[in-house]
Amino acid sequence: MIEVKNIAKSFNGVPVLKNIDVLFEKGKTNLIIGQSGSGKTVLLKSIVGLHDIEQGKVIFDGTVFNELNFKDKKEMRKQIGMLFQGGALFDSATVEENVMYPLNMFTELTYSEKRDRANECLKRVNIINANQLYPAEISGGMKKRVAIARAIALNPRYLFCDEPNSGLDPQTAILIDDLIKEITVEYNMTTIVNTHDMNSVMEIGDKVVFIYNGAKWWEGTRDDIFDSENEELNKFIFASKLSQKIRDLKNRH
Amino acid sequence: MGLFYHIGKYFLLLFRVFAKPEKFKIYYRETIKEIDKLGLNSIWIVAVISVFMGAVITIQTAYNTDNPMYPKYLIGLTARDTLLLEFSSTIIALILAGKIGSNIASEIGTMRITEQIDALEIMGVNSASYLILPRIIASVIFTPFLTLMSMIIGIFGGWVAGVSTGVMTTQDYVYGIQYAFIPYYIVYALIKIAIFAFLITTISAYHGYYTSGGSLEVGKSSTKAVVHSSIFILLFNVILTQLLLS
Ligand SMILES: Nc1ncnc2c1ncn2[C@@H]1O[C@H](COP(=O)(O)OP(=O)(O)OP(=O)(O)O)[C@@H](O)[C@H]1O
Ligand SMILES: [Mg+2]
């Protein structure tokens, strides 16, 4: 469980996050949705400590993460897996080496144990026969999956995903979403996913937080999102002709 | 923002770079990789430049001293001292600023904008130390060898050019390069190149590490790395010469 209490962040005097309070639950996929530029990435990076916040607290299962000293923070980070918007695989390393990287850095396993663990993770995300390829040689969807494999290599308790399915076709996107959901339940992790994809919301939105202009505007589940009266949220949800059509069809009944 | 802001930020970065490494084995492996990339890969360019510069210095000295008043051994002596004092350290450092400086800044800069540095940080790795320390060690260790090599090849180039154009004999040249030889000049050059190598890697890494934006900014960082490294090499050349030779 991750609690975010009244955090704020600004860049060069321009506020980007405004007094956000939210609770992310364990064993569930918690979604942060919002328009491009609304502050989703900044929120996620503030939670994991890649941005220093100006006020408030980020509490990981009772531990106030943002107030830890450098060393304890580093320890804590070994329990955090993160999937970045572009995958962020290390270009100079092969697929297998990428997944082995955290194991090399933080475990005392033998080489073959590490390789086995890496292959286990790669298999979990359905990457087979690509171990010796470099990131430049695999497709965008594969990169995302390898990045997930790397993120779960150390059995993290917390998983953060920044737009896991942006730039992917709908079918692959759903595959990735389902994978994240399954892993979350399987390892009982607290997972937070940034997205602006309504498909993801319907697929895996156990809990949904809508960010508008750097503030929390709405929160709920995928089941009540369509019934919300929130004007900005409705604008966001029904931006596409397709979703408008679905709403109209629903209203007809 | 001002020069002092950058200098302060540069030293704060260095502070993080010299923190205790997480795992020596991994740092060692990275250092070996960097020696290959930054050092061994520079041998060719250093050799080519040195042989031609040695040749030019010799021929120019020969024509400028083409007068019975000057002894012929002056040619070898001038070539040797020019190479030892300035060329094989300062000029080679400027060449390396272009070659390895831009390489370091663009590699680290690309890692920054593609969030690879964030990925390292999130794993609990000290990214500054992991990315920069092996590069510093590799270049500070390896560049003195490049300088020594440059001296030898430069002097050889001078001999080839001098003898083949007939401006002097082998005996004149060999006598010249041994005449009034001060071994300390070599030490001086090696100290200089090691410090220049430190400047190149840290300044370039600084620009790469603090890149923000996209590929355009990576290009800019890489240019800044080369320009600033070169300026600081020239500045430190004056300071070090005053300190070491006066
Ligand atoms: N390092 C930074 N320095 C200055 N401003 C920043 C920085 N990072 C983000 N911002 C600003 O913060 C705001 C929110 O950006 P953020 O990246 O969080 O958006 P986002 O919701 O993730 O958008 P997208 O869906 O396009 O990824 C933007 O206006 C952006 O310009
Ligand atoms: Mg984003």
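Given A:Lys9/A:Lys144; A:Lys143/A:Lys181; A:Lys123/B:Lys33, which pairs have Cα atoms separated by over 26 Å?
A:Lys9/A:Lys144; A:Lys123/B:Lys33
Would you work out if region A:93-154 is rounded, prolate or oblate? Take a ≥ b ≥ c from the square roots of the eigenvalues of the alpha-carbon gyration tensor; rounded if a/c is under 1.5, else prolate when a/b is larger than b/c, oblate otherwise.
Numbers: a/c = 1.84, a/b = 1.73, b/c = 1.07.
Cα axes put region A:93-154 in the prolate bin.
Averaged over A:84-91, how many beta carbons belonging to a partner chain fall within 10 Å of each residue's beta carbon?
Other-chain Cβ atoms within 10 Å of each residue's Cβ, averaged: 5.
What do you get for the angle between helix A:140-152 and the principal long axis of chain A? Use alpha-carbon atoms, 0 to 90 degrees, nearest ten.
Roughly 70 degrees, rounded to the nearest 10.
Based on the alpha-carbon gyration tensor of region B:23-245 and its eigenvalue square roots a ≥ b ≥ c, which shape applies: rounded if a/c is under 1.5, prolate if not and a/b is larger than b/c, or oblate?
prolate
Enter the Cα centre distance for the pair region B:4-19 and region A:102-162, rounded to the nearest angstrom.
Comparing the Cα centres of region B:4-19 and region A:102-162, I get a distance of 33 Å.
Which order do the peptides B:174-181, A:211-218, B:74-81, B:24-31 come out in when sorted by mean C-beta neighbours inside 10 angstrom, highest first?
Ranking the peptides B:174-181, A:211-218, B:74-81, B:24-31 by packing returns B:74-81, A:211-218, B:174-181, B:24-31.
How many angstrom separate the Cα center of region A:80-94 from the Cα center of region A:57-74?
A separation of 23 Å, based on Cα centres.
In what sequence do B:Phe18, B:Phe236 fall when counting other Cβ within 10 Å, fewest first?
Lowest count first: B:Phe18, B:Phe236.
For chain A, which longest stretch is free of loop sites, where a loop site is one of the GluC sites (Glu not before Pro) that DSSP puts outside H, G, I, E and B and that has at most 16 other Cβ atoms within 10 Å? Intermediate values should be presented prior to the final figure.
Details: sites that count: A:Glu25, A:Glu54, A:Glu108, A:Glu229.
That would be A:109-228.
Any chance you could check the Cα centroid distance between region A:178-242 and region B:103-171 for me, in angstrom?
With region A:178-242 and region B:103-171 each reduced to a Cα centre, they are spaced 50 Å.
Below 8 Å, C-alpha to C-alpha, sequence gap of six or more: please give me the relative contact order for region A:93-154 in percent.
Relative contact order, region A:93-154: 52 percent.
Over region A:1-74, what relative contact order in percent results from Cα pairs under 8 Å that are six or more residues apart?
36 percent
Which helices of chain B meet both criteria: a Cα extent of 27 Å or more along the helical axis and a mean Kyte-Doolittle score no lower than 1.0, with helices taken as whole DSSP H segments?
B:43-64, B:127-165, B:184-209, B:215-245
Summarise the partner chain shielding of A:234-244 as one whole number: the mean count of Cβ atoms from other chains within 10 Å of each residue's Cβ. Walk me through the intermediate numbers first.
Values: counts 0, 0, 0, 0, 0, 0, 0, 0, 0, 0, 0.
Mean partner shielding for this stretch: 0.
Simple spin-label model, 7 Å along Cα-to-Cβ: A:Ser112 to B:Tyr63 in nm?
Simple spin-label model gives 7.0 nm for this pair.
With an 8 Å cut-off on Cα pairs and a minimum separation of 6 or more residues, tell me the relative contact order of region B:21-126 in percent.
Once divided by the residue count of region B:21-126, the mean separation gives 29 percent.
Read-outs throughout are calculated quantities, based only on the coordinates presented, and are distinct from any laboratory measurement. Everything numeric here is computed off the predicted structure, so don't read it as measured data. Glycine also receives a Cβ, built like all others from the backbone with ideal geometry; neighbour counts cover every protein chain displayed.
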